[in-house]
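What follows is calculated from the coordinates using simple rules that are stated; it is not laboratory data. These figures come from a predicted structure and were not determined experimentally. Reconstructed Cβ throughout: ideal geometry from the backbone, glycine too, with neighbour counts over all protein chains shown.
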Number of protein chains: 2
Amino acid sequence: MPLTITDVVARDIRFPTSRSLAGSDAMHPDPDYSAAYVTLVTNDPALQGDGLTFTIGRGNEICVAAIKALAPLVIGRTLEGITSHMAAFWRSLTAESQLRWVGPEKGVIHLATAALVNAVWDLWAKSEQKPLWKLLVDLSPEQLVSCIDFRYITDALTPEEALTLLRRNEPTRAQREAEIRRRGYPAYTTSAGWLGYSDEQMRQLLREALAKGWTHFKLKVGANLEDDLRRIRIMREEIGPERRLMVDANQVWDVDQAIAHMKALAPYNPWWIEEPTSPDDVLGHATIAKAIAPIKVATGEHVQNRVIFKQLFQAQAFHFCQIDACRVGGVNEVLAIILMAAKFGIPICPHAGGVGLCEYVQHLSIFDYICVSASLEDRMLEFANHLHEHFVHPVVIENGHYKAPLAPGYSATMLPETLDAYAYPDGAVWQKA
Amino acid sequence: MPLTITDVVARDIRFPTSRSLAGSDAMHPDPDYSAAYVTLVTNDPALQGDGLTFTIGRGNEICVAAIKALAPLVIGRTLEGITSHMAAFWRSLTAESQLRWVGPEKGVIHLATAALVNAVWDLWAKSEQKPLWKLLVDLSPEQLVSCIDFRYITDALTPEEALTLLRRNEPTRAQREAEIRRRGYPAYTTSAGWLGYSDEQMRQLLREALAKGWTHFKLKVGANLEDDLRRIRIMREEIGPERRLMVDANQVWDVDQAIAHMKALAPYNPWWIEEPTSPDDVLGHATIAKAIAPIKVATGEHVQNRVIFKQLFQAQAFHFCQIDACRVGGVNEVLAIILMAAKFGIPICPHAGGVGLCEYVQHLSIFDYICVSASLEDRMLEFANHLHEHFVHPVVIENGHYKAPLAPGYSATMLPETLDAYAYPDGAVWQKA
């Protein structure tokens with residue numbers, strides 16, 4: 001009897017993070033980190049797939065509704081039937097003839113697609129008894145390419161080019177795998193720089209982070225220039241002139257504002273400006289990148305799909321590709337973006353934080369290093385110290401590095417007691433509030 | 001006592017159009033035209049605002065869920081409080097600090113925003129006892145500009161430039177209004193060219209349309225080249241060499257495919273190719289436009305917001321701006337796009353068809369002509385002969401023109417018996433199915 005998906009359970013899980021202002025930024029002053037959480041039930045009681053998409057509170061229920069709308073496309077399918085035609089499976093979700101109208105491939109319906117697709121990959125990895133990154137690393141270049149829907153990107157990357165990129169570093173995969181298992185993957189921290197923190201709180205957190213060995217630090221900016229100048233000065237004072245300081249505006253500026261603001265912050269030597277303007281504005285990012293050099297531009301956490309990423313590459317609009325594991329349509333689309341990044345020579349520095357994103361993106365960067373980029377130069381994983389205690393296999397950070405996850409799956413399985421207590425609105429945590 | 005919105009009712013209304021293949025195209029073979037339908041209840045029993053967003057069936061319930069998520073931002077507000085700060089009201093919906101995460105300003109949450117915003121404009125127009133276009137025409141340039149959120153577009157259009165554009169044609173508004181009231185606004189028809197129709201059905205419908213005085217005809221293409229060549233030949237035979245023929249691929253091609261396909265269709269002299277590729281691909285449209293000249297490029301019905309439109313203008317990526325009344329965030333954002341189009345010299349030819357879109361876009365084109373473009377050259381409203389019988393004030397077409405609507409409001413109020421019978425899944429029409 002083949003392993004078959006017999007049901008899809010979608011849950012609205014929310015954490016009341018707005019009470020502490022952890023995660024606050026110029027555009028999102030009061031997030032309640034949340035997950036639209038999917039469980040794929042199978043005919044094997046010992047095996048299920050878990051996946052999620054990340055939101056910041058209100059609206060999570062809309063993603064749950066979208067997961068329920070997509071569920072009939074998954075229920076009744078066998079794992080083998082899905083994994084042997086991965087690109088076709090992915091397109092069956094993203095191009096469903098009526099549902100695509102409310103996207104296509106963007107916003108709520110694409111976030112929901114991500115949760116489901118990530119759950120399928122989790123199920124696959126668990127059934128192979130491998131962490132997701134190792135499942136990917138053990139696929140041949142041909143198998144990896146067969147997971148990608150190349151629709152709308154062939155003018156930037158063909159399947160043949162993707163194969164060539166993957167074959168290039170295939171002979172040396174094993175040595176990089178050994179290195180990652182030994183050393184982990186380098187990270188940077190956002191935990192000290194949230195916009196809602198006081199100056200004293202920030203200094204305290206920075207000193208703690210320095211003591212733990214962090215070398216790259218991110219600061220939220222964009223509220224007003226005076227505050228930004230004071231806060232960036234404090235951060236630079238604390239971390240010294242050599243360590244890297246990145247700033248993140250979370251989309252608050254227009255193009256001309258971004259340029260003016262970054263010129264004012266330039267004396268503090270920021271390495272990159274993240275999300276200077278609308279994530280939809282490819283040409284705007286290109287204009288900003290040109291105007292503020294040598295400060296670099298990073299974006300991606302709100303970039304909706306591979307088509308916008310393609311144009312960011314084509315227009316030389318950014319220097320760091322911050323893929324998100326849940327914003328685009330799950331692992332399949334992430335593979336397409338990682339391969340385009342390799343072709344255009346742009347490093348992958350995934351977006352993390354939130355809830356579950358750190359657990360996810362560690363797999364993606366490790367795969368990128370072993371199979372695609374073969375480089376750690378200018379590459380780091382974001383880390384924020386939130387909510388890891390809710391996962392069965394939380395991330396492990398040592399000396400500023402993510403340790404390679406070894407448990408089977410894609411690491412986003414939450415503890416059963418979390419799924420009960422944080423269920424919205426009926427869980428104990430919300431009933432108390 | 002000021003007029004106050006006391007409740008928001010959201011309904012899932014669907015029409016089983018897939019049974020007839022009306023509306024079928026290469027990407028959407030079996031649409032059930034649907035509306036996520038909003039009613040703003042007020043403290044005046046005689047006055048309510050109705051609005052909708054258009055979808056094609058499954059997924060409509062997700063838009064309804066999103067309307068319910070946005071509703072608390074509208075309930076309790078007075079009409080005067082909203083209309084006296086229209087841009088701020090609009091931003092309060094699109095930048096809600098948690099809900100924006102599941103967009104921002106795209107897909108489901110933006111479709112839902114459109115339904116709500118359109119309902120507010122309907123309420124305003126009804127309270128002024130004017131059709132929506134006349135409400136807009138009677139606003140001063142300053143008032144119109146104050147309805148627009150310029151966030152993310154100031155590098156293409158500033159408020160000052162918008163004012164200048166509106167003042168340019170202000171002295172001659174009255175003569176164009178008189179002309180439109182007399183002659184109506186020119187239209188073209190899509191009703192003969194749906195992909196699911198047989199050759200015989202198409203010939204029959206084309207002859208009927210010619211007899212009614214239509215001069216511009218649209219053909220759905222993109223299934224396969226052989227069928228497309230046969231069908232475009234039939235259409236050209238029926239309409240003769242002079243009348244205009246437009247083709248519409250509904251996003252099925254990659255960039256290189258679009259170029260090759262259109263070179264094959266070029267001998268039949270298509271005027272434009274609509275939606276040749278992904279609606280997100282600004283640079284792809286620019287590449288196509290350059291390669292297939294003198295055939296022109298049209299797009300817009302799936303362009304998610306003003307930021308993508310801005311880039312289509314900046315990149316000279318299209319020749320016809322097909323705004324949709326429901327895809328972007330309602331009248332406020334449409335105003336921004338109409339003004340950018342005027343600045344960049346691109347004609348507005350709105351997307352219609354579906355359900356309610358014809359009722360909506362007639363107001364937008366009439367406003368564009370009277371207040372902004374002051375030209376009918378290369379401008380036409382799409383018309384499809386679907387589902388108008390469900391509206392209290394359906395569009396009226398005469399001799400290939402939309403007659404100017406005269407009833408107060410934005411024309412999207414459905415008949416009470418329609419709201420009952422077509423409610424999904426409990427209405428009589430769906431219970432029978």
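With the contact rule set at Cα under 8 Å and sequence spacing of 6 or more, what percent relative contact order holds for the stretch A:166-415?
About 21 percent, as a whole number.
Tell me the relative contact order for the stretch B:364-433 as a rounded percent, counting alpha carbon contacts under 8 Å between residues six or more apart.
19 percent
Provide the per-residue ³J(HN,Hα) series for the stretch B:311-321, in order, calculated from phi with Karplus coefficients 6.51, -1.76, 1.60 and θ = phi - 60°, each as a whole number of Hz, with x at glycine and proline positions.
Each residue's phi maps through the Karplus curve to give 5, 4, 5, 4, 8, 6, 8, 8, 10, 9, 9 Hz.
Over chain B, with a Gaussian network built from C-alpha contacts below 10 Å, which listed residue (B:E200, B:E105, B:E359) shows the highest mean-square fluctuation?
Among B:E200, B:E105, B:E359, the largest GNM mean-square fluctuation belongs to B:E200.
For helix B:173-183, report the angle its Cα long axis makes with the longest principal axis of the Cα atoms of chain B; keep it between 0 and 90° and round to the nearest 10°.
60 degrees
Can you grab the distance from the C-alpha centre of the stretch A:115-185 to the C-alpha centre of the stretch A:214-244, Å, no decimals?
Cα centroid to Cα centroid, the span is 36 Å.
Compactness ratio of the stretch A:3-99: Cα Rg over 2.2 N^0.38 Å, N = residue count?
The stretch A:3-99 yields a ratio of 1.29.
For the stretch B:209-250, which GluC sites (Glu not before Pro) pass both filters: DSSP loop (anything but H, G, I, E, B) and at most 11 other C-beta atoms within 10 Å?
B:E242
Please arrange B:F54, A:F367 by counting, for each residue, the other beta carbons lying within 10 Å of its beta carbon, fewest first.
Sorted ascending by nearby Cβ count, the order is A:F367, B:F54.
Sort largest first and round to whole Å: the equivalent ellipsoid semi-axes of the stretch A:278-433, each the square root of five times a Cα gyration tensor eigenvalue.
Semi-axes from the Cα gyration tensor: 31, 19, 14 Å.
Averaged over peptide B:88-96, how many Cβ atoms belonging to another chain are found within 10 Å of each residue's Cβ?
Across B:88-96, the average partner-chain Cβ count within 10 Å equals 1.
Rounded to the nearest 20 debye, what is the charge dipole size of the stretch A:1-115 about its Cα centre when +1 sits on each Lys and Arg Cβ and -1 on each Asp and Glu Cβ?
Dipole size: approximately 200 debye.
What does the net charge come to around B:H110 if you take all other residues with beta carbon closer than 15 Å to its beta carbon, with K and R at +1 and D and E at -1?
-2
Over the whole of B:147-156, what's the average partner chain Cβ count within 10 Å per residue? Rounded to a whole number, please.
Average per residue, whole number: 4.
If one takes the longest principal axis of the Cα atoms in chain B, at what angle in degrees, from 0 to 90 and to the nearest 10, does the Cα axis of helix B:282-292 lie?
Value to nearest ten degrees: 30.
What lysines could a cross-link reach from B:K68, if we take a straight Cα to Cα line under 21 Å and drop same-chain neighbours fewer than 8 places away?
Result set, ordered by chain and number: A:K68, A:K106, B:K106.
Diagonalise the Cα gyration tensor of the stretch A:265-320 and give the resulting equivalent ellipsoid semi-axes, square root of 5 times each eigenvalue, largest first, whole Å.
20, 11, 9
Divide by every residue of the protein assembly as shown the summed helix terms, -39500 (n - 2.57) for each DSSP H run of at least 4, and state the resulting mean residue ellipticity at 222 nm, rounded to the nearest 500 deg cm²/dmol.
-12000 deg cm²/dmol
How large is Rg/Rh for the protein assembly as shown, to two decimals, with Cα atoms and a Kirkwood Rh?
0.96
What does the structure give for B:63-74 when I average, per residue, the other chain Cβ atoms found within 10 Å of the residue Cβ?
The mean count of partner-chain Cβ atoms within 10 Å per residue comes to 3.
Run down the lysines and flag those whose C-alpha is under 17 Å from the C-alpha of B:K403, throwing out any fewer than 8 positions away in its chain.
List returned: B:K130, B:K134, B:K212.
What nm distances, shortest first, do you get from the label point of A:D227 to those in the other copies when the point sits 7 angstrom along Cα to Cβ?
5.7
Using the 7 Å Cα-to-Cβ label point, sort the distances from A:P416 to its equivalents in the other copies shortest first and give them in nm to one decimal.
So the label point of A:P416 gives 5.3 nm to the other copies.
Provide the per-residue ³J(HN,Hα) series for the stretch A:44-55, in order, calculated from phi with Karplus coefficients 6.51, -1.76, 1.60 and θ = phi - 60°, each as a whole number of Hz, with x at glycine and proline positions.
Along the stretch A:44-55, the couplings run 10, x, 8, 9, 9, x, 10, x, 8, 10, 9, 9 Hz.
Suppose you put the label 7 Å out from Cα in the Cβ direction; list, shortest first and in nm with one decimal, how far B:D30 is from each other copy's label.
In nanometres, ordered from closest: 4.6.
Please work out the ratio of the alpha-carbon Rg of the stretch B:166-415 to 2.2 N^0.38 Å and round it to two decimals.
Against the empirical 2.2 N^0.38 Å value, I get 0.98 for the stretch B:166-415.
Using the Cβ atoms and a cut-off under 9 Å, what net charge is assigned to the surroundings of B:Q48, where Lys and Arg are +1 and Asp and Glu are -1?
In short, -2.
Quick check: Cα centre of the stretch B:48-81 to Cα centre of the stretch B:328-352, how many Å?
Comparing the Cα centres of the stretch B:48-81 and the stretch B:328-352, I get a distance of 22 Å.
Let me check against my output: what whole-number percent is the relative contact order of chain B, with C-alpha pairs under 8 Å and at least 6 apart?
Answer for chain B is 19 percent.
For the stretch A:382-433 and the stretch B:280-313, what is the separation of their Cα centres, given in Å?
42 Å
When the expected Rg is taken as 2.2 N^0.38 Å, what fraction or multiple of it is the alpha-carbon Rg of the stretch B:118-165?
Compactness ratio reported: 1.31.
Between the helical axis of B:330-344 and the dominant principal axis of chain B, each derived from Cα atoms, what acute angle in degrees is found, rounded to the nearest 10?
Tilt of helix B:330-344: around 50 degrees.
Can you sort A:K106, B:K296, B:K432 so the residue with the fewest Cβ neighbours within 10 Å comes first?
Lowest count first: B:K432, B:K296, A:K106.
Looking down the axis that turns A into B, which residue of A has the closest beta carbon, and how many Å out?
Chain A residue with minimal Cβ-axis distance: A:G107, 1.
Roughly what % of Cα-Cα distances in chain B sit above 40 Å, to the whole percent?
Roughly 12 percent, rounded to a whole number.
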